[in-house]
Amino acid sequence: RATLLLSRCLLKMVKGNIIVPEDILSFCCNGLQSSTSPPRPREPEEREEAPGAMASPSPAPNPTEVQMSQLVLPCHTNHRGELSTGQLLKWIDTAACLSAERHAGCPCVTASMDDIYFEHTISVGQVVNIKAKVNRAFNSSMEVGIQVSYEDLCSGKHCSICKAYATFVAQGPLGSKVRLKPLTPQTEEEKIEYSIAAERRRMRLVHKDTLKDLLTHSPQETELETRDGSGAVPAERTRVESVELVLPPHANHQGNTFGGQIMAWMENVATIAASRLCHAHPTLRAIEMFHFRGPSQVGDRLVLKAIVNNSFKNSMEVGVCAEAYDQEMSVSRRHINSAFMTFVVLDQEGQPRTLPMVAPEPGDGERRYREASARKKIRLDRKYVVSCKQTEVPLSVPWDQSNKVYLSYNNVSALKMLVAKANWVLAREKEKVRMYTLEEDKFLSFRIEISVCIPAGRAFSLLSNLRRRHEWDSHYVSAELVQKVDDDDMIYHVVSQKLRNENKAQDFVILASRRKPCSKGDPYVVAFRSVTLPTHPARAEFTRGETLCSGFCIWPESEEMSKVAYYNQAMPGYLNYVTTNVAGLSSDICSTFEACEKFLLKNKDDLISRLQDF
């Protein structure tokens, strides 16, 4: 009776042109119908099957994904009406922190930020779109991937600004570490990011050692660059020092200062230092990978120091340091963070201007000057090898001490990206050997799989030693260990058989990078790619061959059983060989991997072979 009365009242309101929400009206009309009509017998539910309904359901959205959209207002911009990079860093850190806390279920703090390269500036009135999601969770830390783009509301144009990776640490009561639950990737993109996150983590851990190694192998003398028509500016003139009081709006719910806020303050003093060198308004182009060494809290005073370390032809590096102390100065200043920022000065056409030289002070000034030159080389190596798309990286990148970490990263990550592709098609199956193909725009890749009764770790040890590959692969004549970079990376000079219609044998200089599983479910990985070495140039008696991406992944199926998969992005010289095998006109590849199985079974318990591997 109450439903009937309410429904009649609402219908009168509709007739009187009084707006009623549609869902309430629908509910009341249904109630009116049910109250005035006899009940109908319940019929079985009928569901329409959409076309392709039998296909596998689409993956659930990533529960850690956070999307933020910010309209750029005048208060967010600099004198040119462009979004302040410091403000952008605050938004990036906030979005990434929210994503990390979604996964952790507890407060998180910023531990580090990888290199950020800013591709474009953003103008007032445009919209900044930030997407952040957790790529992988480790024990108590996690990697968050951030994509930043801008949107012009008038033209509808969208453009990428930067891509960043941040590491966050989950914190429990009293700052204790929290063990994180694992993350299960769903889409192909998420699987790729999940897999490569372990490589990026490895690269972060050796970041400082890379700089030390480069400085150790570089000349100790400081060489000052000379440029016509410009005098050197003493670096001391660019020095800036500023203090900030940490207030509640600058901190999170734990009272710790937002990492993005600290980055914004650091960017501010760095910009002032850069302006003092060039007497113009500089543009921030890149921020180098940095780590937060400790937290600061509400009430702390943050002392921010900046100085131009070195000036190159069209860019300059500014070093920034953040230290904290409390009101009572009860303890000495705490080092919170150090960062290195690269600035340029653009002319009216948007091209970088030539900058004045910097004259470093003796002692620490000269040390910073040399380190800035080393960091520039490392940045170029890292951007060239790591940040580029795989197809934009040349096949044989010159190997040296400074880029060894990034070549190893690129080697393993390229193979992991190939493994994570979703469109592999079973092309051929012969007894135990299965052959899959993947057709992409520029490449034909193939995968060979076989299950072998051998522990995964033992198979990994045997297959990662190229000096023994000729025992099962007839295409290999010899493999000489040229250089042992470390326990996980080695460089070989490989000689293979002559190709059909070739008069000379082929040789390769190959970087072999091996990785043990980072966590349960990860495979053992052995990745191969071509590099160049001054000690092994191309020789007249060989045709120099190259490999872009190849290698093994080994998954344990049980304690004594493993799935061994070999991947290869076929180069043009091998396409005929690969397609002949795919079409069934040759069984050479299948025969090779049957021989590989026999080799693994023969040597799985051989003590002498184990000693040779070491």
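The values are calculated or read from the model by the stated rules, or taken from the named source; none is laboratory data. If you're wondering where the values come from, they're calculated on a predicted model, not measured in any experiment. Quick reminder, even Gly has a Cβ in these numbers, built from the backbone with ideal geometry, and neighbours come from all protein chains shown. To get the accessible areas, we keep the full protein, side chains included, count just its heavy atoms, and leave off ligands, DNA and RNA. Shrake-Rupley method; radii C 1.70, N 1.55, O 1.52, S 1.80 Å.
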Between a first residue in segment 335-356 that is farther than 27 Å from Leu304 by Cα and a second residue that is in a strand (DSSP E or B), which pairs have beta carbons less than 8 Å apart while being 6 or more apart in sequence or on different chains?
Pro352/Val344; Pro352/Leu346; Arg353/Val344; Arg353/Leu346
How many residues are assigned to a strand (DSSP E or B) and either modelled with pLDDT of 95 or more or small (Gly, Ala, Ser) (or both) if we restrict to segment 99-134?
11
Given (1) touching a Lys or Arg at 6+ places or on another chain (Cβ under 8 Å); (2) surrounded by fewer than 17 Cβ atoms within 10 Å (Cβ to Cβ); (3) part of a loop (DSSP other than H, G, I, E, B), number of the condition Leu355 does not satisfy
(2)
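Matching residues to (1) farther than 21 Å from Leu89 by Cα; (2) among the hydrophobic types (A, V, I, L, M, F, W, C); (3) at pLDDT below 90:
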{"position": "Pro282", "(1), (2), (3)": "no, no, no"}
{"position": "Arg285", "(1), (2), (3)": "no, no, no"}
{"position": "Phe290", "(1), (2), (3)": "no, yes, yes"}
{"position": "Val320", "(1), (2), (3)": "no, yes, no"}
{"position": "Gln327", "(1), (2), (3)": "yes, no, yes"}
{"position": "Ile336", "(1), (2), (3)": "no, yes, no"}
Matching option when the condition is modelled with pLDDT under 90 and closer than 13 Å to Thr547 by Cα, among Gln497, Gln506:
Gln506
Criterion (at pLDDT 90 or above, in a loop (DSSP other than H, G, I, E, B) and open to solvent by less than 30 Å² (accessible area, probe 1.4 Å)) met by exactly one of Leu153, Leu183:
Leu183
Can you tell me which residue in segment 401-420 is most open to solvent (accessible area, probe 1.4 Å), limited to those that are of a type in the set (S, T, N, Q) and out of contact with any strand residue (DSSP E or B) (no Cβ under 9 Å at 6 or more places or on another chain)?
Gln401
Among (1) modelled with pLDDT under 80; (2) open to solvent by less than 30 Å² (accessible area, probe 1.4 Å), the one test that Leu380 misses:
(2)
Being under 16 Å from Met203 (Cβ atoms), at pLDDT below 80 and part of a helix (DSSP H, G or I), is that true of even one residue in segment 386-396?
yes
Close pairs from segment 102-130: first in contact (Cβ under 8 Å) with a residue 24 or more places away in the chain and at positive phi, partner open to solvent by 20 Å² or more (accessible area, probe 1.4 Å) and in a strand (DSSP E or B), Cβ under 9 Å, at least 6 apart
Gly125/Leu71
Has segment 584-603 got any residue that is open to solvent by less than 70 Å² (accessible area, probe 1.4 Å), modelled with pLDDT of 85 or more, within 24 Å of Val509 (Cα to Cα) and in a strand (DSSP E or B)?
no
Can you tell me which residue is surrounded by the fewest Cβ atoms within 10 Å (Cβ to Cβ) among those in segment 156-180 that are aliphatic (A, V, I, L, M) and farther than 14 Å from Asp93 by Cα?
Leu174
Which of the following residues is more than 15 Å from Gly260 (Cβ to Cβ), buried (at least 23 other Cβ atoms within 10 Å of the Cβ) and charged (D, E, K, R): Arg102, Arg136?
Arg136
Checked against (1) modelled with pLDDT of 90 or more; (2) surrounded by 14 or more Cβ atoms within 10 Å (Cβ to Cβ), Val243 satisfies every condition except (2)
Within segment 486-495, is there a residue that is assigned to a strand (DSSP E or B), open to solvent by 10 Å² or more (accessible area, probe 1.4 Å) and out of contact with any Phe, Trp or Tyr (no Cβ under 9 Å at 6 or more places or on another chain)?
yes
Do we find a residue being loosely packed, with under 15 Cβ neighbours inside 10 Å, in contact with a Lys or Arg (Cβ under 8 Å, 6 or more places away or on another chain) and over 30 Å from Arg379 (Cα atoms) anywhere in segment 461-477?
no
Being surrounded by fewer than 16 Cβ atoms within 10 Å (Cβ to Cβ) and assigned to a helix (DSSP H, G or I) is the filter; apply it to segment 535-576 and report the residue that is modelled with the lowest pLDDT.
Gly573
So, in segment 48-79, how many residues would count as being at pLDDT 90 or above and more than 23 Å from the chain's Cα centre (by Cα)?
8
Count, please, the residues in segment 312-351 that happen to be out of contact with any His (no Cβ under 7 Å at 6 or more places or on another chain) and within 18 Å of Ala270 (Cα to Cα).
23
Can you spot a residue in segment 469-483 that is modelled with pLDDT under 90, in a loop (DSSP other than H, G, I, E, B) and of a type in the set (Asp, Glu)?
no
